[in-house]
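One structure below.
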Amino acid sequence: MATGRTHRPASRSRGIPEATVARLPLYLRALTGLSERSVPTVSSEELAAAAGVNSAKLRKDFSYLGSYGTRGVGYDVEYLVYQISRELGLTQDWPVVIVGIGNLGAALANYGGFASRGFRVAALIDADPAMAGKPVAGIPVQHSDELEKIVSDNGVSIGVIATPAGAAQPVCDRLVAAGVTSILNFAPTVLTVPDGVDVRKVDLSIELQILAFHEQRKAGEEAAAAADGAHAAAAHRGDSAEQGPDGDVPAVMPA
């Protein structure tokens with residue numbers, strides 16, 4: 001039986017701000033890319049650009065890890081990968097269950113990035129009896145009646161909810177009651193959880209709506225700029241009509 005449930009991320013006891021924790025995966029992704037290209041060291045400016053943050057914020061974030069780099073050399077890539085992985089709890093195996101094996105749940109089960117980042121899909125769970133025993137990504141789907149036993153047998157502390165909105169809260173309640181203390185929610189609803197349970201929400205429709213807002217704003221700015229340009233051109237034409245060929249004297253002299 002796996003025994004990962006009681007391990008908690010070290011960042012809370014070390015006092016690392018949540019905003020910094022949220023950026024650590026960005027740094028790790030950029031560092032992993034550098035490591036795969038056998039880059040030994042990286043400057044704060046280069047790493048910040050790769051992660052999409054400014055270098056001052058990066059240096060401040062790394063100070064919480066006790067990493068300050070070497071002047072003129074930068075940061076050791078492999079050591080930073082280890083440091084951040086350790087801080088995020090990725091140096092151990094985290095068993096994960098995915099509940100709701102529809103199109104999205106199946107896509108998550110087939111995602112190849114879990115294993116390389118410290119996560120193991122321990123079980124797939126669905127309420128549809130017709131799904132029971134059906135393999136998805138090489139893992140047989142189990143019925144939701146077995147949820148509590150599955151969580152207990154696999155020592156699961158992280159649950160992924162990919163159910164329809166109406167089923168999400170009851171599934172969440174069962175996961176929490178079974179001992180799950182972290183939940184990644186893909187269902188389009190807000191979950192209520194007790195203290196001590198962390199929830200991260202991923203809502204693709206909201207992200208698209210935010211992008212639509214920015215697209216609309218950009219279109220409005222472009223239209224306003226075009227209107228300003230048209231007004232300026234019209235004003236220029238009006239001024240030119242009142243000037244002579246040399247631009248200094250009136251085109252029509254007074255009698």
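The values are calculated or read from the model by the stated rules, or taken from the named source; none is laboratory data. Bear in mind the structure is a predicted one, so any value in this text is a computation, not a measurement. When we count neighbours, we look across all protein chains shown, and the Cβ atoms used for this are built from the backbone with ideal geometry, even at glycine.
Points to keep in mind about this one:
- Here Thr163 fulfils each of the conditions (1) at pLDDT 95 or above; (2) loosely packed, with under 12 Cβ neighbours inside 10 Å apart from (2).
- Restricting the range 135-146 to residues that are free of Cβ contacts under 8 Å to residues at least 24 places away in the same chain and not in a helix (DSSP H, G or I), the residue that is surrounded by the fewest Cβ atoms within 10 Å (Cβ to Cβ) is Gly138.
- The criterion of at least 2 residues that are crowded, with 16+ Cβ neighbours inside 10 Å and at pLDDT 90 or above is met, among helices (runs of 4 or more DSSP H) falling completely within the range 11-70, by 18-36, 44-51, 55-65.
- Subset of the range 177-229 (residues that are touching a residue at least 24 places away in the same chain (Cβ under 8 Å), out of contact with any Lys or Arg (no Cβ under 7 Å at 6 or more places or on another chain) and not aliphatic (A, V, I, L, M)): Thr181, Ser182, Phe186, Thr189
- Residue check for Pro40: outside the structural domain of Arg200 (by TED's automatic domain parsing) and within 13 Å of Tyr75 (Cα to Cα): yes
- Selection status of Ala137, more than 21 Å from the chain's Cα centre (by Cα) and on the phi > 0 side of the Ramachandran plot: yes
This table checks each residue for (1) aliphatic (A, V, I, L, M); (2) at pLDDT 95 or above; (3) surrounded by 14 or more Cβ atoms within 10 Å (Cβ to Cβ); (4) part of a loop (DSSP other than H, G, I, E, B).
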residue: Ala123; (1), (2), (3), (4): yes, yes, yes, no
residue: Val151; (1), (2), (3), (4): yes, yes, yes, no
residue: Gly159; (1), (2), (3), (4): no, yes, yes, no
residue: Ala167; (1), (2), (3), (4): yes, yes, yes, no
residue: Cys172; (1), (2), (3), (4): no, yes, yes, no
residue: Thr189; (1), (2), (3), (4): no, no, yes, yes
residue: Thr192; (1), (2), (3), (4): no, yes, no, yes
